[in-house]
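Read through the structure below, which is laid out as structure tokens, and then see the notes.
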Amino acid sequence: MSKKTHYRKVFKSDHLGVADLEDFIEAGHNLVFTISHVKQEFGVRVAGKKGDFNIAYFAENIKPLVLNAGNSKIMKNLSGGSAFIDDWSNIKVKLYIDGAVQFGRDIVSGVRIHPDKPAERQQLTQGTNAWDNAIKAYKRDKNLDAVKKRMDITPENETILIEQANAVS
């Protein structure tokens, strides 16, 4: 499959947008992220307009997400009902693209936070059947893409797993 360029890429943004999520999807990434904290920022330029916004920052070091009213209501629910952004820390969220967002009179696509808490994924650890299966998958595929779609693995364990897979013939 050839790498295609989304038309929105030319409109450089410091904030997470649909084109960014499409890149994650194309790369096979899970769209579950951890919001590390939310800050109110004043006089920030977003989509060419200067304004005051609530901006969510992610532990995974991806672009921050400007929280609109709808995503803010979902954050309130995911935080246990708190309307205070100070309580919106260390919250796992699943992002998705909503193709039916109303922006003025237009219908556009937008980044949304799923209202349900994401399912906890199993952590891949040494000494388990899943670890042995992951070694087999790495030897077969020469990468861990299939494994990462189902499980989480720390960078340290990923290095160990690859070393073990390469050591065993």
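Key figures
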{"item": "Candidates A19, A47 - the one that is touching a helix residue (DSSP H, G or I) at 6+ places or on another chain (Cβ under 9 Å) and more than 22 Å from R121 (Cβ to Cβ)", "result": "A19"}
{"item": "Filtered residues of segment 42-68 (kept if part of a strand (DSSP E or B) and of a type in the set (K, R))", "result": "R45, K49, K50"}
{"item": "Residues of segment 75-94 that turn out to be part of a loop (DSSP other than H, G, I, E, B) and touching a strand residue (DSSP E or B) at 6+ places or on another chain (Cβ under 9 Å), as a count", "result": "4"}
{"item": "Any hit, segment 21-31, residues being over 30 Å from R150 (Cβ atoms) and not β-branched (V, I, T)", "result": "no"}
{"item": "Where K136 falls short, out of the listed (1) modelled with pLDDT of 90 or more; (2) among the charged types (D, E, K, R); (3) in contact with a strand residue (DSSP E or B) (Cβ under 7 Å, 6 or more places away or on another chain)", "result": "(3)"}
{"item": "Pairs where the first residue, in segment 67-86, is surrounded by fewer than 13 Cβ atoms within 10 Å (Cβ to Cβ) and the second is not in a helix (DSSP H, G or I) and not charged (D, E, K, R), C-beta under 9 Å, 6+ apart", "result": "D86/H37; D86/V38"}
{"item": "Odd one out for N71, checked against (1) outside any loop (DSSP other than H, G, I, E, B); (2) not assigned by TED's automatic domain parsing to the domain that holds A27", "result": "(2)"}
{"item": "Given (1) at negative phi; (2) surrounded by fewer than 16 Cβ atoms within 10 Å (Cβ to Cβ), number of the condition G28 does not satisfy", "result": "(1)"}
{"item": "Residue identified as in contact with a strand residue (DSSP E or B) (Cβ under 9 Å, 6 or more places away or on another chain), modelled with pLDDT under 95 and within 25 Å of K148 (Cα to Cα) among Q102, Q122, Q126", "result": "Q122"}
{"item": "Pair list, Cβ under 6 Å, 6 or more apart: segment 129-149 residue surrounded by fewer than 14 Cβ atoms within 10 Å (Cβ to Cβ), other residue at pLDDT below 90", "result": "D145/G28"}
{"item": "Total residues in segment 97-124, condition farther than 30 Å from K136 by Cα, surrounded by 10 or more Cβ atoms within 10 Å (Cβ to Cβ) and of a type in the set (K, R)", "result": "2"}
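The values are calculated or read from the model by the stated rules, or taken from the named source; none is laboratory data. Treat the numbers as computed from the prediction; the structure is a model and nothing was measured. Cβ: placed from backbone, ideal geometry, glycine included. Neighbour counts: every protein chain shown.
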